[in-house]
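Take a look at the structure below.
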2 protein chains.
Amino acid sequence: MDAVKIIEVKQSVFANNDQRAQLLREELKRRGIFLLNLMSAPGSGKTTTLARTVKLLKDELKIGVMEADIDSDVDARVMAECGVKAIQLHTGGMCHLDADMTRQGLDELVAGDVELAILENVGNLVCPAEFDTGAVKNAAILSVPEGHDKPLKYPLMFQVCDVVLINKIDVAPYFDFDMEKCREYIRMRNPNAEVIPICAKTGEGVDRWADWLREQVAAWRA
Amino acid sequence: MDAVKIIEVKQSVFANNDQRAQLLREELKRRGIFLLNLMSAPGSGKTTTLARTVKLLKDELKIGVMEADIDSDVDARVMAECGVKAIQLHTGGMCHLDADMTRQGLDELVAGDVELAILENVGNLVCPAEFDTGAVKNAAILSVPEGHDKPLKYPLMFQVCDVVLINKIDVAPYFDFDMEKCREYIRMRNPNAEVIPICAKTGEGVDRWADWLREQVAAWRA
């Protein structure tokens with residue numbers, strides 16, 4: 001297959017990221033583009049979840065995906081194979097994306113006619129939570145092997161998320177993962193966060209997540 | 001049990017972290033203290049691995065553990081229950097520890113007579129790799145559920161590590177993890193890194209890791 005487009009995003013020179021993020025969000029509203037910021041630790045299954053999501057939604061929505069990584073273009077290739085527009089953002093070692101870095105990617109991505117833009121953030125449960133990317137909604141994935149105590153240890157990530165996907169529930173029998181405790185810890189950080197258990201590998205629960213996303217996109221573009 | 005000591009480490013005001021780290025290392029050499037910096041993504045099993053390690057080594061070495069976390073004191077409690085001196089470092093939201101933050105913890109930890117000090121860094125595969133903590137050796141854990149492609153995506157972490165523990169090998173049958181590819185990708189980043197597959201939960205392979213650590217401590221204190 002063809003090489004995917006790789007953008008070397010430059011670190012923002014703007015001090016006021018919150019303001020830049022707000023401006024980006026207002027522009028997205030005007031243009032009818034819903035931007036989802038998907039975050040998680042490394043290896044939680046962001047790309048596999050996106051591949052499943054895209055399969056369920058690509059016939060009804062024009063989707064574009066930005067894959068942010070410090071290095072490699074593995075993920076953008078996977079997404080391109082799913083039949084959606086995908087670009088790779090290289091952060092040059094940076095541990096997160098801010099609003100201006102996101103805009104650099106979006107400018108490239110939405111040259112076409114994208115309704116749902118998805119940013120797969122750098123795999124990191126700490127720093128990406130500190131920077132508003134300009135996204136309409138934030139989603140986090142926590143996978144069963146990581147343990148149910150993560151909302152205690154990484155509070156901000158769960159605080160800023162509108163929805164938390166609990167991934168890899170197929171391997172729950174092999175790990176000491178307490179789903180009820182996990183839900184309780186997430187509620188401590190953010191009582192309004194939606195919690196959706198899924199298995200991106202088998203597809204279990206992904207339809208519920210796709211429903212949630214579909215509703216959010218429709219409300220934003222209404 | 002008693003509450004563990006929690007230190008709120010302050011972000012360093014020193015611009016030259018590399019120099020501060022070097023000074024700390026020289027002081028550790030003079031005092032015969034070996035400092036290990038243990039890094040990984042969230043949920044890779046740092047604390048469980050340390051609990052196993054401490055069990056194997058605590059009768060021959062005086063061990064102290066610093067558990068760095070953004071919040072909670074879960075990990076320091078686990079370590080204290082293993083019968084070693086343990087303190088909790090709170091980073092106040094910071095995604096990594098630098099040399100001066102490490103020193104703040106060490107000053108508290110080695111008030112006693114510690115020969116092997118272990119820093120469990122913040123769970124993050126990106127930022128901690130960028131800051132020399134002053135440790136004598138760096139170790140990283142990559143767990144099977146995270147996937148064998150992580151050295152491609154998080155190059156610096158694997159570049160700076162002297163040893164990589166591949167944890168959770170007990171669940172390998174349930175994941176598409178290719179050990180040979182993983183070794184190859186680690187070698188691409190760092191041909192000198194030791195790679196040791198372990199299962200911290202069952203103890204498999206941990207003796208080999210303890211042997212490696214024992215040798216490093218002896219060489220440093222010789």
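Only the coordinates and a few stated rules stand behind these numbers; no lab work does. This is a predicted model, so every value here is computed, not measured. Glycine gets a Cβ as well: all are built from the backbone with ideal geometry, and neighbour counts include every protein chain shown.
When Cβ neighbours within 10 Å are restricted to other protein chains, what is their mean count per residue of peptide A:139-147? Could you put the intermediate results ahead of the total?
On the way: counts 0, 0, 0, 2, 4, 2, 12, 9, 7.
The per-residue average across the peptide is 4.
For A:Lys181, which lysines qualify as cross-link partners when the Cα separation must be under 19 Å and same-chain residues fewer than eight apart are set aside?
A:Lys150, A:Lys153, A:Lys168
By count of other Cβ within 10 Å, fewest leading, how are A:Thr133, A:Thr53, B:Thr91, A:Thr202 ordered? Walk me through the numbers on the way to the answer.
Details: A:Thr133 29, A:Thr53 26, B:Thr91 20, A:Thr202 12.
With the fewest neighbours first, A:Thr133, A:Thr53, B:Thr91, A:Thr202 line up as A:Thr202, B:Thr91, A:Thr53, A:Thr133.
Under 8 Å for C-alpha pairs, at least 6 residues apart: give me the relative contact order for the stretch A:22-132, rounded to a whole percent. Can you show the working numbers first?
Numbers: 184 pairs, mean separation 43.2, N = 111.
Here the relative contact order equals 39 percent.
Output ³J(HN,Hα) for the stretch B:178-185: one whole-Hz value per residue in order, computed from phi by the Karplus curve 6.51 cos²θ - 1.76 cosθ + 1.60 with θ = phi - 60°, and x for Gly and Pro.
Karplus values, whole Hz, x for Gly and Pro: 9, 4, 5, 4, 4, 4, 5, 5.
Along the charge dipole of the stretch A:89-169, pointing to its positive end and built from +1/-1 on Cβ of Lys, Arg, Asp and Glu, which listed residue (A:Asn138, A:Leu156, A:Leu119) has its Cα farthest out?
A:Leu156
Would you kindly enumerate the cysteines in chain A that have no other Cys beta-carbon under 4.7 Å from their beta-carbon?
Those would be A:Cys82, A:Cys161, A:Cys182, A:Cys199, since no other cysteine Cβ in chain A comes under 4.7 Å of theirs.
I need the per residue convex hull volume for the protein assembly as shown, using only the alpha carbons, in cubic angstrom as a whole number.
Numbers: hull volume 61.8 nm³, N = 444.
Hull volume normalised by residue count: 139 Å³.
Cut-off is 10 Å between beta-carbons; in what order do A:Lys181, A:Lys46 appear when sorted fewest neighbours first? Walk me through the numbers before you get to the answer.
Values: A:Lys181 14, A:Lys46 28.
Ascending Cβ contact count within 10 Å gives the list A:Lys181, A:Lys46.
Just tell me how shielded B:116-125 is by partners: mean number of partner chain Cβ atoms within 10 Å of each residue's Cβ, no decimals. Before the final figure, lay out each step's value.
Numbers: counts 0, 0, 0, 0, 0, 0, 4, 9, 9, 9.
What the average comes to for B:116-125 is 3.
Which ³J(HN,Hα) values in Hz, rounded to whole numbers, follow from the phi angles of the stretch B:86-95 under the Karplus curve 6.51 cos²θ - 1.76 cosθ + 1.60, where θ = phi - 60° and Gly and Pro get x?
Using θ = phi - 60°, the values come out as 9, 10, 9, 9, 9, 8, x, x, 5, 8 Hz.
For the stretch B:176-217, what class follows from the C-alpha gyration tensor (a ≥ b ≥ c being the square roots of its eigenvalues): rounded when a/c is under 1.5, otherwise prolate if a/b is larger than b/c, else oblate? It would help to have the intermediate numbers written out before the result.
Details: a/c = 4.18, a/b = 1.27, b/c = 3.29.
Because a/c hits 1.5 or more and a/b fails to exceed b/c, the stretch B:176-217 counts as oblate.
So what J values fall out for the stretch A:102-108 if you push phi through Karplus, 6.51 cos²θ - 1.76 cosθ + 1.60 with θ = phi - 60°, rounded to Hz, Gly and Pro as x?
5, 4, 4, x, 4, 4, 6
Pull up all non-local amide H partners of B:Ser143: gap of 5 or more, or a different chain, and H-to-H distance under 5 Å with H placed in the peptide plane.
Hits under the 5 Å cutoff: B:Asn167.
Across peptide B:41-51, how many C-beta atoms of other chains are within 10 Å of each residue C-beta, on average?
Mean shielding by partner chains, rounded to a whole number: 5.
Amide H of B:Ile196: which non-local residues (sequence gap of 5 or more, or other chain) have their own amide H closer than 5 Å, using H built in the peptide plane?
Those lying under 5 Å, H to H, from B:Ile196 are B:Val164, B:Leu165, B:Ile166.
Normalising by the residue count of chain A, find the relative contact order in percent from Cα pairs under 8 Å and 6+ residues apart.
Numbers: 449 pairs, mean separation 56.8, N = 222.
Averaging sequence separation for qualifying contacts and normalising by length gives 26 percent for chain A.
Could you state the number of Å between the C-alpha centres of the stretch A:92-168 and the stretch A:37-52?
9
Would the stretch B:135-197 count as rounded, prolate or oblate if I go by the C-alpha gyration tensor, calling it rounded below 1.5 in a/c and otherwise prolate when a/b exceeds b/c, oblate otherwise?
On the way: a/c = 2.09, a/b = 1.57, b/c = 1.33.
Verdict is prolate for the stretch B:135-197.
How big is the equivalent ellipsoid of the stretch B:7-137 along its three axes, where each semi-axis is √(5λ) from the Cα gyration tensor, reported in whole Å from largest to smallest?
Values: eigenvalues 85, 65, 31 Å².
Whole-Å semi-axes of the equivalent ellipsoid: 21, 18, 13.
Which of the lysines could be linked to B:Lys58 by a straight reach, that is with a Cα gap under 21 Å, when you skip same-chain ones fewer than 8 residues away?
Partners found: B:Lys5, B:Lys29, B:Lys46, B:Lys85, B:Lys137, B:Lys201.
Which log10 I(q)/I(0) values does the stretch B:59-134 give at q = 0.18, 0.22, 0.24, 0.27 Å⁻¹ under the Debye formula, counting every alpha carbon as one identical point scatterer?
-0.68, -0.98, -1.13, -1.32
Let me know the volume per residue of the alpha-carbon convex hull for the stretch B:94-222, in Å³.
Values: hull volume 15.3 nm³, N = 129.
So the per-residue Cα hull volume is 118 Å³.
How big is chain B along each principal axis, measuring the range of its Cα positions in Å and listing the largest first?
Answer, in whole Å and largest first: 45, 39, 37 Å.
Under a Cβ-only charge scheme (Lys and Arg +1, Asp and Glu -1), can you give me the dipole magnitude of the protein assembly as shown about the Cα centre, in debye to the nearest 20?
Details: 54 positive and 70 negative charges, 17 e Å.
The dipole of the protein assembly as shown has a size of about 80 debye.
For the stretch B:114-170, compute Rg over Rh where Rg is the Cα radius of gyration and Rh is the Kirkwood radius from the inverse mean 1/r over Cα pairs.
Values: Rg = 11.9 Å, Rh = 12.3 Å.
Result: Rg/Rh = 0.97.
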